[in-house]
Structures are given as structure tokens and as C-alpha cells.
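The structure under discussion appears below in the form of C-alpha cells.
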Amino acid sequence: MPQVNPRQTLVPASAIETLKSAPLGKLTPRIISQSEWVDVAFFDTFDAHILSTGQILVQQAKTLHLIGAGAHLEQKCSEIPTFVASLPDGPVKENLGMVPALRSLIPLGRAKMEYTALAYVDDEAKTHVRLELQIFKHDSGSSLCVANPVGLRGYDKALLGVNSWIENLSEKQSDWSSFYKVLLPNWQSYNAKPQISLPPQTPAFDMANAIIAAHIPMMRQNEAGVISDIDTEFLHDYRIALRKIRSVVSLFAGVYDTKQTIDLKSEFSALMAPTGKLRDLDVYLLTRDEYYALLPTDLHPGLERMFDLFAAQRAEAQSSLAKRLQSTSYRVQVKRLGKLFSKGTKLDAGPKADAPAHDFACNLIWKRYRKICKIASGITEETPDEEVHNLRIQCKKLRYLMEMFAPVFPKQAIKELIRPLKQLQDNLGLFNDYCVQQESLREFLANLNSETPKENVAIAQTVGALIALMHQRQLAERGKVVKSFAAFNSPKTQTSFHALFQSRKEPA
């Protein structure tokens, strides 16, 4: 018989007593240990990275438990979990590699937990298989159980039987993505890439409204995290949602009336503008360790002072943005915009509003692709930075168009075309970052407080060294752009773009 592996499974509350008392064929369950009910708190990232891997992280008193993926790990942790990097060393920390370094662990809710261990024995009291139950109960009355079979050597048949039995009892609860939804009534799921499913013949006007209507709630879900300053990714996602909304208004040319387009561009740009300074400072502070590694130790005092100034500026910028997001005028504005696009009845349609989304997308994407090929083919070592920046902007617009219109094209075909485009974007993004950092560092130098000349000398030396390093990296990245474009513009990619967006085949 092939090896049988235990299956850790979610089972509903209705099955818990059955697992504790019902026989498994000729085997009788016996409780070999049972804990008291204890209070626990659930932790995960805002976008549930831990749960997405079929695991849950709970803290009980001063102990962290990582349950799922076939294991139950524990380690001591006396503090409230924040970033994984700040956790004490231990098996739980070692197995939280799925959590992005910039995402904080946040408390999602509380419940009570009970641990029960069962042994299924035959009529001679020999144990054939064990079953561990982690039972969770919320104050609202909802309950869930994590059932973890433990096989014993020579009794694969019993393990196979308990696996099958638990699977039958699990019903739909075996999907781990439902854990928070079932157990924590106040939990709201979050998806940074809202899924929009519309037929290819959907009018472009309806498509644009649907995309914007899906991204406004996503933007708003990040507001509380920005206000509380939980981690920098809340602002990052907030800006991404706004940027995609602005891209729809800008790139869906002719879908909205000219005046409506101008008004919407102005309104969404005004929402984005107050976030720029804080995001720039976040990016600088996130490069702190990298800058220290780049420069010799005799320049570190200047770095320390520079980052102290950045931190003070960031605190001021974060406070200002938090006040804005909590203001009545802001809340009234975004609520109105949400209603405007969810209903769509008060939006003024343009001359291309009724164009089928598939055909409309083909025209937009093909024109943008050809424009990129024309610009990129002329990039050399002597090309002005402005033209490289223009290429980056055009690639970003193409990527947004392909992602926004993805629902009306074959999923795999779009995915295969986005992959080389993303590599080109990565190189262009780094090139742009190095340019922007040089300019920002020069601006920082120009605005230093003249009342601290000694400190300014140390900072100036440090910043000068950083600018030189960023310039070297910028030049190196330019060469990579040329290579990435060659990969993006391969004969295979050219053929795929033509087949998908220019052949005018019926949409799949």
C-alpha cells in the first residue's frame, strides 16, 4: 500500500461531537487529553498572507501557535506580534516566511480555544490512529475545528479511514480561506486586485465604471491602516488603487464625455496629491539599511542625521494625511464618488461609450504596444533620460490596460505577455528610482537648515557619496533596459501580441 499522509482539515462545529464520540468502523474514540478553554487572539497581515497558506497564527497568553500545513508549532512571545522580523527566534518565526517583510501582523479578533487529543482503539485497547482537535469558539456562537490526524506505523488503513471520514464531515469548511469569515464575524476580506468578470461585448462605458467601482472600496479599506500608521503598505495599496482609477479615466479615451473626463482627472489627482510626500519619505526610510551598507563607516554620522530629519518630516506628513483622511470633506467626497460609479447613471458618456470592451481594448493595447516598440528600439547609451522615463510611463500604461481588460481575453495568454513586460518595467522602475533619488537628495541638500553648519558638512559629504553611487547604478540599469526590451520584443512575443490584439478573432 502506498504511503498515506495525514490531512489537516477544517471541520464545522456540527461535526465536533461526532469526531469525539462516534466510532470509526470497529475503532472506538477515547479522549486521552483535553485542555481548558483559553483566550486566544488571531494575527495575520491585512491581506491574510498566513491564511492563504492554510495556516493560522494565534497567541495564547505568552505563547504563539502556528496551526496548519500539517503541523502545530509553538514558541514563546511575550509581546504583541508586529513584524515577523521583530519576533523572538523560534519555530513559528522560522515558518512565517510567507509574510512580506513590509507587512505588519495585526490582531484580527479573539476567540476561545480548546485542545483535545483522541485515540481510536480496537477491542484490545490498541491505538490505530490518533486525532488532535483544535477547537475555536467565538463569543457570537460560531465555532470551527482544525482536525489533525496522527498516523501510527503499521496502521495506514486506519489513517486512510480517518482522513476520508474527516473529509466527508468537513463539507465546505475544508477551504481554509473561509476560516476568518466563519469564525470572526467582523472580519472583512481584502484583495489588492479586485476580480471583475464581464463578457467581452460589455460596453466600454460599463467596463470603466465597473473597474473604478471595484477599486474605490479597495482604496477605502486601506484608510484605517494609513491613519493608524500600521505599516507602509497601506499607503502603497491606497495609492495603487487611486492610480488605477486615474488610469481608467485617462486611458479609456472617448468613453466619458470630454468635460466629465477633465473633471474626474482633476478630482482623482487632488485625492492623490497629499499622499506623495509621505510615500517618498517612506521609500527613503525603507532604504536605511541599504544606505548604511553602501557607505563607509566614517560617513555613517551624516546618514544618521539625515534619516533623523527624514523621520521627523515623515511624522509630520503622516499626521497631516491622517487628519485629511478623517476630515468630513474627504469622507463626503469619496462616498459620493463611490455612489457615482456604482450606479453610473449620473456619468456623462462619450462617443466610444458603447464600443464592445474587447474591440475597444484591442485598439488601445495594440497602439500602446507599437508605441513602446518604437521608443524602445531607439534607446542607446546616449539616449536622454527623459526618453527612458517616457518608455517607463508607456510600459506602465500598457500594463494597466492589459490588467484592466484581462477579463475579456484568455487568462493564460494575457499572463504570458505580462511576464516579459513586467521584467522590462522592473528595470525601468529601478532606473527611474535612481534618477529620482539623485534629484531628491540634491533638493534635500539645498534645503538644509543653515543654523547647523557643522552637521550640514557631515550630511553633505554623505549625500554627495550617495548621489555618486545612485548615478553609477542608474548607468548600469540603462544597459539592462536594452536587454529586457530585447526579451520583451522577441518574435514569439510579437506574434502573441498580434494574434491577441490585432487579428480581430472572436474573443475566447
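The values are calculated or read from the model by the stated rules, or taken from the named source; none is laboratory data. On a predicted model such as this, the values are computed, not experimentally measured, just so you know. Backbone-built Cβ (ideal geometry, glycine too); neighbour counts: all protein chains shown. Accessible surface is based on the protein model in full, side chains and every heavy atom, while ligands, DNA and RNA are left aside. Shrake-Rupley method; radii C 1.70, N 1.55, O 1.52, S 1.80 Å.
General observations
- Along the range 299-314 the Karplus relation, 6.51 cos²θ - 1.76 cosθ + 1.60 evaluated at θ = phi - 60°, assigns HN-Hα couplings of 9, 5, x, x, 4, 4, 5, 4, 6, 5, 5, 4, 5, 5, 5, 5 Hz to successive residues, with x for each Gly and Pro.
- Sequentially through the range 353-360, phi angles give Karplus couplings (6.51, -1.76, 1.60; θ = phi - 60°) of 4, 8, 5, x, 4, 5, 5, 4 Hz, Gly and Pro residues having no value and appearing as x.
- Principal-axis tilt of helix 276-286 within the chain, Cα atoms, nearest 10 degrees: 60
- For the range 48-53, 3J(HN,Hα) per residue [Karplus equation, 6.51 cos²θ - 1.76 cosθ + 1.60, θ = phi - 60°, Hz, x = Gly/Pro]: 6, 5, 5, 4, 5, 9
- Taken along the Cα-to-beta-carbon direction at a fixed 7 Å, the label points for Lys126 and Ser86 span 5.4 nm.
- Anisotropy class of the range 306-410 from Cα gyration tensor, a/c 1.5 cut: oblate
- Accessible area expressed per residue, the range 96-200, with surrounding protein chains retained (probe 1.4 Å, Å²): 50
- The protection proxy used here, the mean number of other Cβ atoms lying within 10 Å of each residue, ranks peptides 249-262, 23-36 as follows, highest first: 249-262, 23-36.
- Sequence-separation-based contact order of the chain, relative, with Cα cut under 8 Å and 6+ spacing, percent: 13
- Listed values (1) 48, 32, 24; (2) 34, 30, 22; (3) 36, 27, 23, entry calculated as semi-axes √(5λ) of the Cα gyration tensor in Å: (1)
- Potential extension, Asp426-Glu267 segment - 0.36 nm per residue separation minus Cα distance: 54.3 nm
- Extension gain for Leu475 to Val332 (0.36 nm times residue separation, less C-alpha to C-alpha distance): 46.8 nm.
- Packing-based order for 101-108, 85-92, using average beta carbon neighbours within 10 Å, highest first: 101-108, 85-92
- Using alpha-carbon coordinates, inclination of helix 491-501 to the longest axis of the chain, degrees: 90
- Per residue, the accessible area of the range 367-508 comes to 55 Å² when a 1.4 Å probe rolls over the protein heavy atoms.
- Rounded percent of accessible protein surface that carbon and sulfur make up, the chain, 1.4 Å probe: 52
- The chain - mean residue ellipticity at 222 nm from DSSP helices (-39,500 (n - 2.57) per run, n ≥ 4, rounded to 500): -18000 deg cm²/dmol
- Accessible surface computed residue by residue for the range 297-359, with neighbouring protein chains in place and a 1.4 Å probe, gives 58 Å² per residue.
- Once both labels are positioned 7 Å from their Cα atoms along Cα-to-Cβ, the gap between Asp139 and Lys454 label points is 5.7 nm.
- Rounded, prolate or oblate (a/c below 1.5 giving rounded, otherwise prolate when a/b exceeds b/c) for the range 181-271 by Cα gyration tensor: oblate
- Nonlocal amide H pairs with Ala349, under 5 Å, H built at 1.01 Å: Asp257
- The calculated FRET efficiency for the pair Gln34 and Met98, based on their C-beta separation and a Förster distance of 35 Å, comes to about 0.65.
- The long axis of helix 204-221 is offset from the longest Cα principal axis of the chain by roughly 70 degrees.
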